[in-house]
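Right, one structure below, let's go through it.
The values are calculated or read from the model by the stated rules, or taken from the named source; none is laboratory data. Keep in mind that what you see is a predicted model, and the values were worked out from it rather than measured. Ideal geometry is used to build each Cβ from the backbone, glycine not excepted, and the neighbour counts take in all protein chains shown. Quick note on the areas: whole protein, heavy atoms, side chains included, nothing else; ligands and nucleic acids left out. Shrake-Rupley method; radii C 1.70, N 1.55, O 1.52, S 1.80 Å.
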Amino acid sequence: MERLDKQHRYPWPIIELAVNWYQRENMTYRGVAERLLQHGVDVSHKTVFEWVQKFGEVVSKKAKKRSTRSAYSIEEAYVKVNGDWKYMYGAVDKSGNILNAVFRDRRNLASAKAFLKRAVDAN
């Protein structure tokens, strides 16, 4: 299977997260870029636009294909963001939508779970 994020600066989990935020939360491209910047990912709104155009259909199909989960789960990925390696923790609900994500310099699952639990409770 060919990698979807081939020849892209950012890894697939970040691209998928940005496209999910745009599609599911009805945010603008600039809003998605600002939210990513709050998490330490510096990306332009033009890049978010290109991701949505290129990967929007793939991300929405992937969200529909995911198996049902109990309540929510936490996914962890080690990704390179702007030249720095970061731990990305994402809360995924039972329908496969990413509720929220947090990026950390160090691996600290306890603080990530606490942060993401608040995000799940808010939704």
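Report, by residue number, each residue of segment 63-96 that is in a loop (DSSP other than H, G, I, E, B), of a type outside the set (A, V, I, L, M) and at pLDDT below 75.
Across segment 63-96, the qualifying residues are Arg66, Ser67, Thr68, Arg69, Ser70, Lys94, Ser95, Gly96.
So the check is Cβ under 7 Å with 6+ separation or different chains; which pairs have a first residue in segment 97-123 that's closer than 20 Å to Val41 by Cα and touching a residue at least 12 places away in the same chain (Cβ under 8 Å) and a second one that's among the polar types (S, T, N, Q) and part of a strand (DSSP E or B)?
Once the first residue is closer than 20 Å to Val41 by Cα and touching a residue at least 12 places away in the same chain (Cβ under 8 Å) and sits in segment 97-123, its partners that are among the polar types (S, T, N, Q) and part of a strand (DSSP E or B) give Leu116/Asn100; Ala119/Asn100.
Does Ser60 fit the bill of being at pLDDT below 75 and either open to solvent by 30 Å² or more (accessible area, probe 1.4 Å) or outside any strand (DSSP E or B) (or both)?
no
Can you name the residue in segment 20-39 that is over 19 Å from Gly96 (Cβ atoms) and outside any helix (DSSP H, G or I) and, of all such residues, is most open to solvent (accessible area, probe 1.4 Å)?
Thr28
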